[in-house]
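Beneath this line is the structure, given in structure tokens, with notes to follow.
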Amino acid sequence: MSAKSEFAPLAEAARYLELGRNGTKSLVGVMLGTGPGPGGRKISMRDVEELMSRKEHPLPAGRPVLRCPQNPALLGPSLYFSPATPEKAAEIDAINTALRESGRSHLECSEATKEDRRFTGYWEIGDETADLLVKEGGVIVGTIAGFVYEAAEVIDVAITIPYRKRKVFVVRPILGDELEPWKVFLPSNSRGPALIQA
């Protein structure tokens, strides 16, 4: 790849990153917050180099980590339920209602609480894994094509759906400078969540 080029063809960037074309497109559109360069089939060299640098850094040690691969076409570009979409707003209301009815209103997530909390789910994991994440202040990381783009500290389990024991967690988003150490590369063939550091 030429160091003099401002943009690289998408296929060339995919080879350089050792990713498939679709994974590279997802990275460009969602994680980097940019669109393809001129002609719609190129990626900024600066973005490619930034992603490559992440492959050199390990995860921060000392906390359990749940890796959650994201498929933007199916799950949206974020780990968190967004009140901006009617479907997710309704789910947020339903979870908050369940929390109030179970005497756990302190875990509610809403604009009114002014707390830095969000819901994330529905993650298919066992009770033992969920308990570990809560007890040890675990971190949930969202990845696209193996690259971490979001991370959140687990506060508690909000609800468990009986079907396949799917969990919704109350989490505190990790943002800004605090997020930087978590922006690493975690390759995986798994489509579902996996505990990768315990």
In segment 107-129, residue farthest from the chain's Cα centre (by Cα) [restricted to those that are surrounded by 12 or more Cβ atoms within 10 Å (Cβ to Cβ) and over 23 Å from R67 (Cβ atoms)]: T113
Verdict on I92 being β-branched (V, I, T), over 11 Å from A158 (Cβ atoms) and not assigned by TED's automatic domain parsing to the domain that holds S26: no
Subset tally (residues that are assigned to a loop (DSSP other than H, G, I, E, B), modelled with pLDDT under 85 and of a type in the set (D, E, K, R)) for segment 1-35: 2
Condition check for V157: hydrophobic (A, V, I, L, M, F, W, C) and crowded, with 23+ Cβ neighbours inside 10 Å: no
Residues being of a type outside the set (D, E), within 14 Å of the chain's Cα centre (by Cα) and not in a loop (DSSP other than H, G, I, E, B) - total across segment 172-190: 6
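So if I check each of I144, I140, I95, which one is more than 17 Å from L186 (Cα to Cα) and of a type in the set (V, I, T)? First the steps, then the outcome.
On the way: I144 fails: more than 17 Å from L186 (Cα to Cα); I140 fails: more than 17 Å from L186 (Cα to Cα).
It is I95.
From K183, K167, grab the single residue that is in contact with a helix residue (DSSP H, G or I) (Cβ under 7 Å, 6 or more places away or on another chain) and within 21 Å of V134 (Cα to Cα).
Answer to the check: K167.
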Which listed residue, of P38, P60, is at pLDDT below 80, touching a Phe, Trp or Tyr at 6+ places or on another chain (Cβ under 7 Å), surrounded by fewer than 19 Cβ atoms within 10 Å (Cβ to Cβ) and not assigned by TED's automatic domain parsing to the domain that holds P173: P38
Qualifying residue in segment 130-141 (condition: on the phi > 0 side of the Ramachandran plot, crowded, with 18+ Cβ neighbours inside 10 Å and not charged (D, E, K, R)): no
Of the criteria (1) modelled with pLDDT under 85; (2) surrounded by fewer than 18 Cβ atoms within 10 Å (Cβ to Cβ); (3) polar (S, T, N, Q), which one S53 fails: (1)
Close pairs (6 angstrom Cβ cut-off, 6 or more residues apart or separate chains): modelled with pLDDT of 95 or more in segment 170-185, among the hydroxyl-bearing types (S, T, Y) anywhere: V171/T120
Residue match in segment 137-152 (condition: of a type in the set (D, E, K, R) and out of contact with any Pro (no Cβ under 8 Å at 6 or more places or on another chain)): no
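The values are calculated or read from the model by the stated rules, or taken from the named source; none is laboratory data. Please read all numbers here as calculations on a predicted model, not as lab measurements. Every residue, glycine as well, gets a Cβ built from its backbone with ideal geometry; the counts of neighbours run over all protein chains shown.
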